[in-house]
Amino acid sequence: MTTQKEGLDPIAGLYSRAIVDLKDIYNCGKHEPLPGTQSPDDRGPKAEVCWALFDRLMETYRESFIRFDESRKFYRKARQQPQVAELISRTRARQLRYPYIDDVKTYLDKSQKLYLYLLRGLAPVEGTRTIETYYAKVDECGTLWKKFGFTSEENEAIPGLIENLRTEFALIEANRKPRFTAVEQAPPKEQQATPAAVDPKLAGPKRARWTQLEKDVHKLNEMRKPTKVILNALRPQYPDLTWEMVRSICNRNSKGTR
């Protein structure tokens, strides 16, 4: 279901839904796929009880598949919006790494594939539902989870990814353009200065200060060092630095943009 945030604010809806999906994926990985028994004999649970559990689990898998499929479509649609793409791109430059929201897509793609194989591989058997056929499904379910599910390392990384998403969204919020219009921010007429009273040197937004990375690149660029040399020299200090980022900073420096 689309929440109010998803409908009114694409960027907030994207991150809000991503966090909810990651929590669902994390919780799914914590549960036993299907209950079994050590010795399937007459002392084990009744077939009717086991197959009732199986049906409920299959319904959970079906709902999860639909949910994650919808999330993947929502993700693609949101990322195609110019405003969202611009904000995430600016945040990528500040973080010096690809956005954490892209990690969510990897989890969604793998989750959708997992539940698709579970639904296909655990399709109801024809004929009488015996306890033997149930245990066969238990084995098949375990095989599918091992083959297409998440590793323990991937699952345990989810809480940290959620925190990184919250931090990334906070950076985006701080980096948003002003939401008010020029009319709304204008002071009362009696407080407005006439055009002649405005100093042209003070007009326009202040230039942003250079980051330490930009200073380091600029210093080497002034020494006429090639881009590759600059990249190799600074990569130990900035592991996520790329050739494109160095070129972009050099181009801004050559234009005098600070």
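The values are calculated or read from the model by the stated rules, or taken from the named source; none is laboratory data. Please read these numbers as outputs of a predicted model, since none were measured by experiment. We place every Cβ from the backbone using ideal geometry, glycine too, and count neighbours over all the protein chains shown.
For segment 87-128, enumerate the residues that are polar (S, T, N, Q), more than 17 Å from Tyr61 (Cβ to Cβ) and not in a loop (DSSP other than H, G, I, E, B). If you could, list the steps in order and put the result at the bottom.
We begin by selecting, within segment 87-128, every residue polar (S, T, N, Q); these are 89, 91, 95, 106, 111-112, 128.
Among the residues that remain, those that are also more than 17 Å from Tyr61 (Cβ to Cβ) are: 89, 91, 95, 106, 128.
Passing the criteria: Ser89, Thr91, Gln95, Thr106.
Being of a type in the set (Lys, Arg), outside any helix (DSSP H, G or I) and over 30 Å from Cys50 (Cβ atoms) is the filter; apply it to segment 129-186 and report the residue that is modelled with the lowest pLDDT.
In the first step, residues of segment 129-186 are kept if they are of a type in the set (Lys, Arg); the result is 129, 137, 146-147, 166, 176-177, 179.
Adding the requirement that they be outside any helix (DSSP H, G or I) leaves 129, 176-177, 179.
Among the residues that remain, those that are also over 30 Å from Cys50 (Cβ atoms) are: 176-177, 179.
Values: Arg176: 73, Lys177: 57, Arg179: 47.
For segment 129-186, the residue satisfying everything is Arg179.
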Over segment 224-257, the set of residues at pLDDT below 70, in a helix (DSSP H, G or I) and either of a type in the set (D, E, K, R) or over 21 Å from Ser89 (Cα atoms) (or both) is Glu244, Arg252, Ser254
Options Tyr98, Tyr61: the member that is of a type outside the set (A, V, I, L, M, F, W, C), within 19 Å of Gly142 (Cβ to Cβ) and either within 13 Å of the chain's Cα centre (by Cα) or buried (at least 16 other Cβ atoms within 10 Å of the Cβ) (or both): Tyr61
Just to be sure before I move on: is Tyr61 closer than 17 Å to Lys146 by Cα, in the same structural domain as Lys23 (by TED's automatic domain parsing), out of contact with any Pro (no Cβ under 7 Å at 6 or more places or on another chain) and among the aromatic types (Phe, Trp, Tyr) in the structure I sent? yes
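Okay, residues lined up against (1) surrounded by 14 or more Cβ atoms within 10 Å (Cβ to Cβ); (2) modelled with pLDDT under 85:
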{"residue": "Ala12", "(1), (2)": "yes, no"}
{"residue": "Gly29", "(1), (2)": "yes, yes"}
{"residue": "Ile66", "(1), (2)": "no, no"}
{"residue": "Thr106", "(1), (2)": "no, no"}
